[in-house]
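The values are calculated or read from the model by the stated rules, or taken from the named source; none is laboratory data. The model shown is predicted, which means the values in this text are computed figures rather than measured ones. With ideal geometry, Cβ positions are generated from the backbone for all residues, glycine too; neighbour counts draw on all protein chains shown.
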Amino acid sequence: MEIVASFAYLLQELSPVMTAPTFARFNELVTGWLFASRRTVTGMLRAAGLAGCCHHAGYHRLFSSARWSLDQLGLAVLRLILPLLGAGVIFVAVDDTLARKRGSKMFGTGMHHDPLLSSRGRKVLNWGHNWVVLSVIFPSPLRPGHYFSLPILFRLYLNRKSAARERRAYRARTDLALELLALLGKAQPNRRFHVLADSAYGGQSVLCYLPQNFDLTSRLVLDARLYELPPARQPGVRGRPRRRGAKLPTPAQMLAERCANVTLDLYGRHDRVRLASAHACQRAAPERLLRIVAVEALKGGRGRQAFYSTDTQADASDVLAWYARRWSIEVAFHDSKQYLGFEEPQGWTHRAAKRTAPVAMLLYTIIVVWFHQEGHTQWKPEQTSWYQPQHASFGGMLATLRRESLRERVICWGLQGPGSQKILQTLENALALAV
């Protein structure tokens, strides 16, 4: 099996990251990755038609010992995205996700919070890898108002027990997130970035150490202590200068006062809410002015919430709309696991565990880029009596890539006559069933 030429051209842009022999094997594994039913190295070799051609150990070494950098590969993928983003501010999202694993000897595994099985009253832990992921928020021109989150950079988080077992210094998720932001800012020093993150990455450990070319929009607790900017020191006044200004109402107190009633179009819903906003500083960062937004749903919705943004020129509705874009990274996690087997690779050594699974999310990014550049012209929506999609989901993008790869391969056979179209249609139907 071979992938369509337009997708292979995109992959060729990543070749400077690896040596020629390594990149050739990487291409072969990517082909198998796109068509395999299970994303292990041997499963990819079977799907690519290479199971009996060469020894599988060489392909295992691609992840376990070959000399290439996952960070450099992610930055190369970023260069594929930049032409689609224009010259404005680049929105990025930071979050972590759990990849469930089995086996006690796999590097970096530990017990982590499982958000899919947990509820507000019951916390569930599961064994696996916890990945901190940085992704680029891409507004789809094919579907106005819809955003794709395109993962590019990754860090494997080790909890305290795992770090002690592997004899490594413990690093919190926020430290790993800051490392990814610093890496991105250093790679693109002339661009402005805006980070969208939930409350786990919106505390003082991130806010106080943001790189200079980054803004941040995140959640805020309703009882957060807020202050004005510290007043200027007056001449002749003795003692150390004040660190904080006058105390301001908390977000909960802001909602208890008179608020504006507005209608918001977020998460595909129309919600009528009470909204209050102000400029204030948090106690942990008394010299950084923030836009504070408190919101309360008048009917249904999510109750009372508070948000902040370091972009003080933004309107309250802009802050809420920006934070709503963060949900796209959750969709990316779901699709990478369901369609590309993010949780399935079985590498257990240090390098293999850190390299193999992130390739699934990088493929997610490349497939979305390919579809918006070339694949959308070949997309054929599935027409059924119960479902008629107006826009392509990621599953549809992957199905289009597989179908076009098969079509290009069959065309190379040079079939002629009235039966050739029936052969192609039969193969396409078989592939659609397999997808």
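Residues that are within 30 Å of Val136 (Cα to Cα), part of a loop (DSSP other than H, G, I, E, B) and touching a helix residue (DSSP H, G or I) at 6+ places or on another chain (Cβ under 7 Å) do not occur anywhere in the range 256-265. Among the conditions (1) under 24 Å from Met18 (Cβ atoms); (2) touching a residue at least 60 places away in the same chain (Cβ under 8 Å); (3) under 23 Å from the mean Cα position of the chain (by Cα); (4) surrounded by fewer than 20 Cβ atoms within 10 Å (Cβ to Cβ), the only one that Ser64 does not satisfy is (3). For the range 339-386, residues that are out of contact with any strand residue (DSSP E or B) (no Cβ under 6 Å at 6 or more places or on another chain) and more than 23 Å from Lys101 (Cβ to Cβ) total 20. Contact map, the range 195-207: first residue among the small types (Gly, Ala, Ser), second residue surrounded by 20 or more Cβ atoms within 10 Å (Cβ to Cβ) and assigned to a strand (DSSP E or B), Cβ cut-off under 6 Å, separation 6 or more or different chains; pairs are Ala197/Val94; Ala197/Ser218; Gly202/Ser218. Is it true that some residue in the range 251-261 is over 16 Å from Val295 (Cβ atoms), touching a residue at least 24 places away in the same chain (Cβ under 8 Å) and not hydrophobic (A, V, I, L, M, F, W, C)? For the range 251-261, residues over 16 Å from Val295 (Cβ atoms), touching a residue at least 24 places away in the same chain (Cβ under 8 Å) and not hydrophobic (A, V, I, L, M, F, W, C): absent. Those helices (runs of 4 or more DSSP H) of the range 320-427 in which at least 1 residues are modelled with pLDDT under 80 and farther than 18 Å from Ala93 by Cβ, considering only elements entirely within it, cover 394-411. Of the residues Asn159, Asn190, the single one that is surrounded by fewer than 22 Cβ atoms within 10 Å (Cβ to Cβ), closer than 30 Å to Phe371 by Cα, among the polar types (S, T, N, Q) and out of contact with any Leu (no Cβ under 6 Å at 6 or more places or on another chain) is Asn190.
So if I check each of Ala47, Ala76, Ala51, which one is exposed (fewer than 15 other Cβ atoms within 10 Å of the Cβ) and among the hydrophobic types (A, V, I, L, M, F, W, C)?
Values: Ala47 fails: exposed (fewer than 15 other Cβ atoms within 10 Å of the Cβ); Ala76 fails: exposed (fewer than 15 other Cβ atoms within 10 Å of the Cβ).
After applying the criteria, what remains is Ala51.
Here Leu222, Leu181, Leu226 are screened, and the one residue that is crowded, with 21+ Cβ neighbours inside 10 Å, out of contact with any Asp or Glu (no Cβ under 7 Å at 6 or more places or on another chain), closer than 17 Å to Arg291 by Cβ and of a type outside the set (D, E, K, R) is Leu226.
Taken over the range 88-138, residues that are free of Cβ contacts under 8 Å to residues at least 40 places away in the same chain and either touching a Gly at 6+ places or on another chain (Cβ under 8 Å) or among the β-branched types (Val, Ile, Thr) (or both) amount to 3.
Please enumerate the residues belonging to the range 309-330 that are within 18 Å of the chain's Cα centre (by Cα) and free of Cβ contacts under 8 Å to residues at least 60 places away in the same chain.
First, the residues of the range 309-330 that are within 18 Å of the chain's Cα centre (by Cα): 321-330.
Hits for the range 309-330 are Ala321, Ala324.
Can Thr31 be described as over 22 Å from the mean Cα position of the chain (by Cα), farther than 25 Å from Leu398 by Cβ and among the polar types (S, T, N, Q)?
Working: over 22 Å from the mean Cα position of the chain (by Cα): yes; farther than 25 Å from Leu398 by Cβ: no; among the polar types (S, T, N, Q): yes.
No.
Scoring Gly239 on the criteria (1) closer than 23 Å to Ile137 by Cβ; (2) of a type in the set (Gly, Ala, Ser); (3) out of contact with any helix residue (DSSP H, G or I) (no Cβ under 8 Å at 6 or more places or on another chain) leaves a single failure, condition (1). Scanning the range 167-189 for residues that are touching a helix residue (DSSP H, G or I) at 6+ places or on another chain (Cβ under 8 Å) and charged (D, E, K, R) yields Arg171, Arg173, Asp175. The number of residues in the range 96-130 that are in a strand (DSSP E or B) and either surrounded by 15 or more Cβ atoms within 10 Å (Cβ to Cβ) or within 20 Å of the chain's Cα centre (by Cα) (or both) comes to 13.
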